[in-house]
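Asker: This is the structure I want to talk about, given as C-alpha cells.
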Amino acid sequence: MLEDKILKTIKKYNLIENGDKIVVAVSGGPDSITLLNCLYELKESNKLDFEMVVAHINHGLRENAKIDEQYVFEFCNRINIRCFILHADIKKEAEIQKRGLEETGRIIRYKFFDEIQSKTNSNKIAIAHNSNDNVETIIMNIVRGSGLGGLKGIEAINGKYIRPLIETSRDDIESYCEEKKLNPRYDESNDDNVYTRNKIRNIVIPYIKQELNPNIVETITRLSNITKDDLKYLEVQTEKSYKNMILEENFSKDNVYNDEKEAKIILDLKKFNNEEKAIEKRVILYAINQLFGNTKGIEKIHIEDIIKLCNNNIGNKFLTPNKKLRVEIKNKTIVIKRLK
C-alpha cells in the first residue's frame, strides 16, 4: 500500500507529529491528489493524529483552470476537508513584477500558503514533490554548475515545509491514482518543453533511460542520499572549525536582520589558513550566515576572492562583495563586517 510507504517516509524524517495542523498544497494533479488522499487515509485509519486544510490556486493561465478548481473543491467537500482557493492573474503579476511566469507563480503560491497557515493557525505546509521531481532538480543544478549542495536535491523537510512523497516515484503515484479511481486533473503545460524542467523531464531523462541507464531515477536518488550524509558531516566539521578559530562575535543573534546595527565576526587568520579549502569555504559562508541570516548574493567568485585574500596573508587589505558586507585582513585576523 502506498499509504504505508508514505507513512514510512513521514516517520523516517519526523514530518508529522501528533497534534500538527497542516496546510496541504493541492493543484488537482496526480501528485497533490495522491498526497491529500494518502494523508486523509492515514488520518482516518488513526495511523497519524493531525488536522489539515487544503490550499488551491487558480493561476488564471490555463483554459481548464476553473475545472481544476472545481475538482479540488468537490474532492475536499467529499472528504470533509476545508478548502481555501486563491484566484490569481499570474501573467499580469509577472508583467508588473518584471519576472518570468514560473518565478512569479512560485512567489504567489508560497505567499498564499503562508497566509493560509497563519489564518488557520497551522504549523506545517505539505508540498507534493516526489522522487522524480528531486532527480529533475538535481540534474538542473548540475547543468547550472552547482556544488555539493545542489546534489542533495529537495529536502524532505525544510523548516515548516514537509514533503511526504519525496521517496515516492511518479509511476507509483500514477498507479495509485488508477487503483483508487481518483481521476486527477492533468496540467497540459507539463508537455510544453519551453521550460527547463520540462525539457529534463520529457527529453533528457527518457533519453538517459533508453540509451544509458534505465534506472537513472534510482541512481541519482542514491547519489542524493550519499551527498546528504556527506554534507551533514561537513556541516559538523565546519561548525567545529568555526568555533576553534572564532576570536570575537560582536552582534546580537536576536537582531541578526537589523541592518542598522553594525556587526562583525573576527576569526584567527592562521587557524583559518591551516584548514582544507573545503572547510575554508564553508566557514566563510557560515560566518556570513551568522551575520545576515542567509548568504543571498554571495557567489562562488566572492568566496574564492575572500579565501585568496586570507591565504595571501597581507595586512590592511579588504574586499566588499556587496554594499553590506566587508571582509578585511587586520592584525593576523579576518574581520567579517555587516555594514550599516
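Every number here is computed from the coordinates shown, using simple stated rules; none is lab data. Given the structure is predicted, the values throughout are model-derived calculations rather than measurements. Note that each Cβ is placed from the backbone with ideal geometry, even for glycine, and that neighbours are counted across all protein chains shown.
Asker: Calculated FRET efficiency, Lys232 and Lys11, Cβ-Cβ r, R0 22 Å, to nearest 0.05? If you can, show how the numbers build up before the last one.
Answerer: Working: r = 19 Å, r/R0 = 0.87.
For Lys232 and Lys11, the calculated efficiency is 0.70.
Asker: In debye, nearest 20: dipole of region 48-141 around its Cα centre with unit charges on the Cβ of K, R (+) and D, E (-)? Can you show the working numbers first?
Answerer: Details: 13 positive and 15 negative charges, 44 e Å.
The calculation lands at about 220 debye.
Asker: Quick check: residue separation of Lys119 and Glu51 times 0.36 nm, minus the Cα distance between them. What number comes out in nm?
Answerer: Numbers: separation 68, 0.36 × 68 = 24.48 nm, distance 1.42 nm.
That pair, Lys119 and Glu51, stretches by 23.1 nm at full extension.
Asker: Could I ask something else about it? Under the definition of Cα pairs under 8 Å and six or more residues apart, what whole-number percent is the relative contact order of region 107-170? Mind dumping the intermediate values first?
Answerer: Working: 65 pairs, mean separation 26.2, N = 64.
Relative contact order here is 41 percent.
Asker: Could I ask something else about it? Which residue fluctuates the most in the chain, going by a Gaussian network model with Cα springs under 10 Å, if the choices are Arg106, Arg222, Arg185?
Answerer: Its mean-square fluctuation being the largest, the pick is Arg106.
Asker: Moving on. Take every Cα pair under 8 Å in region 1-59 that's 6+ residues apart, average their separations, divide by the length, and report that relative contact order as a whole percent.
Answerer: Details: 56 pairs, mean separation 26.5, N = 59.
This gives 45 percent for region 1-59.
Asker: Loop only by DSSP, 14 or fewer other Cβ within 10 Å of the Cβ. Give me the trypsin sites (Lys or Arg not before Pro) in region 51-95 that pass, ordered by residue number. If you can, show how the numbers build up before the last one.
Answerer: On the way: sites: Arg62, Lys66, Arg78, Arg82, Lys91, Lys92; in loops: Arg62, Arg82.
Passing sites in region 51-95 are Arg62, Arg82.
Asker: Mind pulling the angle between the C-alpha long axis of helix 30-44 and the longest principal axis of the chain? Nearest 10 degrees, somewhere in 0 to 90.
Answerer: So the helix axis and the longest Cα principal axis differ by about 80 degrees.
Asker: Let me ask another. With +1 assigned to the C-beta of every Lys and Arg and -1 to the C-beta of every Asp and Glu, and no other charges, what is the dipole magnitude of the chain about the Cα centre in debye, to the nearest 20?
Answerer: Values: 57 positive and 53 negative charges, 323 e Å.
It comes to approximately 1560 debye.
Asker: 222 nm [θ] for the chain, helices only, -39500 (n - 2.57) per DSSP H run of 4+, per residue, to 500? Mind dumping the intermediate values first?
Answerer: Numbers: 14 runs with 171 residues, N = 340.
Theoretical 222 nm ellipticity from helices: -15500 deg cm²/dmol.
Asker: Peptides 130-141, 297-308: what's the order by average Cβ count within 10 Å, highest mean first? Before the final figure, lay out each step's value.
Answerer: Working: 130-141: 21.6, 297-308: 14.9.
Put in order of decreasing packing, that is 130-141, 297-308.
Asker: Taking C-beta distances below 4.7 angstrom as the pairing criterion, name the unpartnered cysteines of the chain, in sequence order.
Answerer: By the Cβ distance rule, which asks for a partner under 4.7 Å, the isolated cysteines are Cys38, Cys177, Cys310.
Asker: Ile85 to Ile314: extension gain in nm, 0.36 nm per residue of separation minus the Cα-Cα distance? Before the final figure, lay out each step's value.
Answerer: Values: separation 229, 0.36 × 229 = 82.44 nm, distance 5.92 nm.
So the chain would gain 76.5 nm between Ile85 and Ile314.
Asker: Right, here's the next one. For each pair in Lys12/Lys209; Lys277/Lys300; Lys12/Lys43; Lys111/Lys340, compute the distance between the two Cα atoms and list the pairs where it is over 20 Å.
Answerer: Too far apart for the 20 Å limit: Lys12/Lys209; Lys111/Lys340.
Asker: Below 8 Å between Cα atoms, with a sequence gap of 6+, how large is the relative contact order for the chain in percent?
Answerer: On the way: 480 pairs, mean separation 47.2, N = 340.
Relative CO of the chain lands at 14 percent.
Asker: Give the distance, in whole Å, between the Cα centre of region 204-248 and the Cα centre of region 23-57.
Answerer: Region 204-248 and region 23-57 have Cα centres spaced 29 Å from each other.
Asker: Quick check for me: using +1 on Lys/Arg Cβ and -1 on Asp/Glu Cβ, what's the dipole size of region 227-340 about its Cα centre, in debye to the nearest 20? Don't skip to the end; give the middle numbers.
Answerer: Values: 24 positive and 18 negative charges, 59 e Å.
Charge dipole, region 227-340, about its Cα centre: 280 debye, nearest 20.
Asker: Let me ask another. Compare the Cα positions of Ile220, Leu291, Ile301 along the charge dipole of region 183-304 (+1 at Cβ of Lys, Arg; -1 at Cβ of Asp, Glu; about the Cα centre) and return the one farthest towards the positive end.
Answerer: Selected residue: Ile220.
Asker: Return the distance in nm (one decimal) between the two label points of a simple spin-label model at Lys271 and Lys160, each offset 7 Å from Cα along Cα→Cβ.
Answerer: 3.7 nm
Asker: A follow-up question, please. State the antiparallel share, in %, of DSSP beta bridges confined to the chain, rounding to the nearest 5. Each step should come with its number before you reach the end.
Answerer: Working: 22 of 38 bridges.
Antiparallel: roughly 60 percent of the beta bridges in the chain.
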